[in-house]
Amino acid sequence: MEINIANESNDDIELELLLQAIHRKYGYDFSEYSRAHVKRRVLNRITSSGLSSISHLQEQVLYDREFASQLLKDLSINVTEMFRDPGFYIALREKVIELLKTWSYIKIWHAGCSTGEEVYSMAILLKEEGLYDRVQIYATDFNQSALDKARDGIFPTNLIKKYSQNYIKAASKGAFSDYYLAQYDHAIMDKPLKTNIVWAHHNLVTDNNFAETQMVVCRNVLIYFNRRLQNNVLRLFYDSLVNGGILCLGSKEGLHF
């Protein structure tokens, strides 16, 4: 009898089984995330945990909820900083703000907000442009621990210098220090900035759209999804926007495939 040898490596097969186990046990579906992203994060977790294989890691995930929570954090996308890509915020000021001013009340959905740095950046920009009082920002992520950190709005002071430089490059109109309180080795975001932000759990893979939104911001998230999931998420955004609404993506993302 002839046996056909598949091209998949053992690691690839074990990775598929791991993702199936996570989905069935905890309800999180990473099957359409970029395989390179998922595999890199999984292998890093194996190394840091002193495990021998993906199969060994799967056993830990199934029987140790705390360990599973750590892996879910690894697989979520939380690379962010305040006023990241200052040119984006310049473009908002020059091309988008005047359009936003045509609406009497503005809803913004910030999808995949991670630990909130870019949400607070948006709040600062809107405040400086005189729009914040009529804006509601819905900031969502599937990573609950990231959302909790975002809601607290407390960031290490060793990052503030970088954030301040980004703020200046973004053609901002004040002093970055006006928007936080320095306390020991942390910076606490100004309380009025939090007034019009709603933090909420939302999974772009499985959850529904937000209705009647003037602007959707989802930057540097789609690059971690495969083509099919990108299409599904873009449809989600399309269905969430009013006619003439604005979609803001990352510099390496777009609508043309």
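One Cα centroid belongs to the range 27-93, the other to the range 192-209; the line between them spans 20 Å.
For the chain, give the share of DSSP beta bridges that are antiparallel, in percent and rounded to the nearest 5; count only bridges with both residues there. Kindly include the intermediate steps, with their values, before the conclusion.
Working: 8 of 27 bridges.
Bridges in the chain are about 30 percent antiparallel.
Working from label points 7 Å from Cα in the Cα-to-Cβ sense, the ARG227 to ASP239 distance is 2.2 nm.
Of the chymotrypsin sites (Phe, Trp or Tyr not before Pro) in the range 76-140, the ones in a loop by DSSP (not H, G, I, E or B) with at most 15 other beta carbons within 10 Å are TYR105.
Is there a quick way to get the dipole size of the chain? I mean about its Cα centre, with the Cβ of Lys and Arg at +1 and of Asp and Glu at -1; what is the value in debye to the nearest 20? Each step should come with its number before you reach the end.
Values: 29 positive and 31 negative charges, 133 e Å.
Roughly 640 debye for the chain.
Rolling a 1.4 Å probe over the heavy atoms of the protein chains gives the range 127-257 an accessible area of 53 Å² per residue. Of the residues TYR163, SER145, ASN196, the one whose Cα sits farthest towards the positive end of the charge dipole of the range 139-197 is TYR163 (charges of +1 on Lys and Arg Cβ, -1 on Asp and Glu Cβ, taken about the Cα centre).
Hey, can you find the accessible area per residue of the range 20-69 for me, probe 1.4 Å, expressed in square angstrom? Spell out each step's value before the answer.
Details: 2910 Å² over 50 residues.
Here the per-residue accessible area is 58 Å².
Can you give the longest stretch of the chain with no exposed loop site, where a site means trypsin sites (Lys or Arg not before Pro) in a DSSP loop (not H, G, I, E or B) with at most 12 other C-beta atoms within 10 Å? Here the longest run is 1-172.
Relative to the current alpha-carbon distance between ARG35 and ALA21, full extension at 0.36 nm per residue lengthens the span by 3.4 nm.
With a Förster radius of 35 Å applied to the C-beta separation of ASN10 and GLU66, the computed FRET efficiency comes to 0.80.
Taking a ≥ b ≥ c as the square roots of the eigenvalues of the alpha carbon gyration tensor, the range 91-234 is oblate, as a/c is not under 1.5 and a/b does not beat b/c.
Specify whether the C-alpha gyration tensor of the range 112-185 places it in the rounded, prolate or oblate class, a ≥ b ≥ c being the square roots of the eigenvalues: rounded for a/c under 1.5, otherwise prolate if a/b is larger than b/c and oblate if not. The partial results should precede the final answer.
On the way: a/c = 1.89, a/b = 1.11, b/c = 1.71.
Oblate shape, in that a/c is at least 1.5 and b/c is the bigger or equal ratio.
Each of LYS173 and LYS252 was given a label point 7 Å from its Cα along the Cα-to-Cβ line. The distance between the two points is 3.3 nm. Heavy-atom surface analysis with a 1.4 Å probe gives the range 170-257 a carbon and sulfur content of 47 percent of its accessible area.
The values are calculated or read from the model by the stated rules, or taken from the named source; none is laboratory data. Note that the coordinates shown come from a computational prediction; the quantities given were computed from them, not determined experimentally. Because the Cβ atoms are built from the backbone with ideal geometry, glycine has one as well, and the counts that use them run over all protein chains shown. These area figures cover heavy atoms from the full protein model, side chains too; ligands, DNA and RNA do not enter into them. Shrake-Rupley method; radii C 1.70, N 1.55, O 1.52, S 1.80 Å.
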